[in-house]
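**Student:** This structure is in structure tokens; I'll ask about it shortly.
The values are calculated or read from the model by the stated rules, or taken from the named source; none is laboratory data. All of these numbers come straight from a predicted model, not from anything done at the bench. Here Cβ is always computed from backbone atoms with ideal geometry, including for glycine, and neighbour counts include all displayed protein chains. The area values use the complete protein model at the heavy-atom level, side chains included, leaving out ligands, DNA and RNA. Shrake-Rupley method; radii C 1.70, N 1.55, O 1.52, S 1.80 Å.
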Amino acid sequence: MGPDRTTSSAAPDMAEVVCLVTGAASGIGAASAVRLSAAGAIVVCADLDEAGARHIAEKLVAGGGIAEGIALDVADENSVAGAVDQVVARCGRLDVAVNSAGITAPPRTGIVETTANQWRSVLDVNLTGVFLCMRSEIAAMSRDGGGAIVNLASVLGLVGRAEQAAYVASKHGVIGLTRAAAIECADRKIRVNAVCPGYIETPMIDQMPSEGRALITARHPVRRLGTAEEVAEVVAFLASDRAQFVTGAQYAVDGGYTAM
Ligand code: NAI
């Protein structure tokens, strides 16, 4: 049985803060929604998997939180603009956005074997998706006096890896986008940061064959993979006023992966 993602012992330091979490139906997005809700936030859970997003929101409400699940395709300009409009219309404003929606590239695909369509689909979701979300989120936050954005990059936004070129490029792009937005938005009181997880136990890595998993685990000095809750803890910190002086940063949450 997996960890219970609907409870957390967080202090309620984000009471009534309006948060949008993309990719909230699963993994790190779901754990972030739980963590923010436990801190008192109003959480809009958004995902391509609308039923999954609603399911997480229902669990948050059952736990005493205020939450809603909505459909969102981060790669679709109109869907993104509509989702952010929906949040502002229903909740009055947008204070925090966690951009967690993402996909992996097909495993063990070298650059020569990568088709243009495979390349585009990874970049469309992981990089253009973050751009489209940030564009609407920043516009909404600018109207309401500021906010905080947390983008899910990866250790593969900090270092390379063979046979993962599209994913690596997309995550390096997320870090560049985070830095550019942080500088551009600082005077609007919008902080923009990236979290760079190592390999985390979520459905995203479930397909990994066991020998690959053993090799990846050994690559982390702590000799285990991370949990979505461990990443969500750093997401919640960066989203909160406790991180007032933190912007344009990349936080590795990687069990030492990038220390080697
Ligand atoms: P996951 O596969 O558990 O969840 C991803 C969620 O994104 C799913 O609910 C999926 O429906 C949603 N999604 C996919 N395409 C979408 C789209 N076009 N529009 C809206 N939603 C969409 O993945 P996980 O592990 O939670 O990953 C979250 C983020 O963290 C991703 O950006 C991923 O690249 C990043 N990350 C994950 C790591 C891991 O080892 N699990 C390591 C480093 C980074």
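**Student:** So which residues in segment 135-153 are within 16 Å of the ligand (Cβ to nearest atom), of a type outside the set (D, E, K, R) and assigned to a helix (DSSP H, G or I)?
**Tutor:** Ser136
Rundown of residues vs (1) basic (Lys, Arg); (2) more than 15 Å from the ligand (Cβ to nearest atom); (3) free of Cβ contacts under 8 Å to residues at least 24 places away in the same chain; (4) out of contact with any strand residue (DSSP E or B) (no Cβ under 6 Å at 6 or more places or on another chain), yes/no style:
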| position | (1), (2), (3), (4) |
| --- | --- |
| Ala41 | no, yes, no, no |
| Lys59 | yes, no, no, yes |
| Leu72 | no, no, no, no |
| Ala75 | no, no, no, yes |
| Ala83 | no, no, no, no |
| Cys91 | no, yes, no, no |
| Leu94 | no, yes, no, no |
| Val98 | no, no, no, no |
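**Student:** Across segment 83-102, what is the total count of residues that are farther than 13 Å from Ala139 by Cα, assigned to a helix (DSSP H, G or I) and not hydrophobic (A, V, I, L, M, F, W, C)?
**Tutor:** Residues in segment 83-102 being farther than 13 Å from Ala139 by Cα, assigned to a helix (DSSP H, G or I) and not hydrophobic (A, V, I, L, M, F, W, C): 2 in total.
**Student:** What about Ala46, is it within 9 Å of the ligand (Cβ to nearest atom), in a strand (DSSP E or B) and in contact with a helix residue (DSSP H, G or I) (Cβ under 8 Å, 6 or more places away or on another chain)?
**Tutor:** Yes: the conditions hold for Ala46.
**Student:** Next question. State yes or no: is Cys185 near the ligand (Cβ under 10 Å from one of its atoms), touching a residue at least 40 places away in the same chain (Cβ under 8 Å) and surrounded by 20 or more Cβ atoms within 10 Å (Cβ to Cβ)?
**Tutor:** No.
**Student:** Follow-up question, since we're still on this one. Given the conditions (1) closer than 21 Å to Val18 by Cβ; (2) of a type in the set (Asp, Glu); (3) not in a helix (DSSP H, G or I), which single one is not true for Glu113?
**Tutor:** Tallying (1) closer than 21 Å to Val18 by Cβ; (2) of a type in the set (Asp, Glu); (3) not in a helix (DSSP H, G or I), Glu113 fails exactly one: (1).
**Student:** Please work out if Leu225 is in contact (Cβ under 8 Å) with a residue 24 or more places away in the chain, touching a Ser or Thr at 6+ places or on another chain (Cβ under 7 Å) and open to solvent by less than 60 Å² (accessible area, probe 1.4 Å).
**Tutor:** Yes, satisfied.
**Student:** Another question, then. Got at least one residue in segment 9-24 being part of a loop (DSSP other than H, G, I, E, B), surrounded by fewer than 24 Cβ atoms within 10 Å (Cβ to Cβ), modelled with pLDDT of 95 or more and under 16 Å from the mean Cα position of the chain (by Cα)?
**Tutor:** Taking every residue of segment 9-24 in turn, none turns out to be part of a loop (DSSP other than H, G, I, E, B), surrounded by fewer than 24 Cβ atoms within 10 Å (Cβ to Cβ), modelled with pLDDT of 95 or more and under 16 Å from the mean Cα position of the chain (by Cα).
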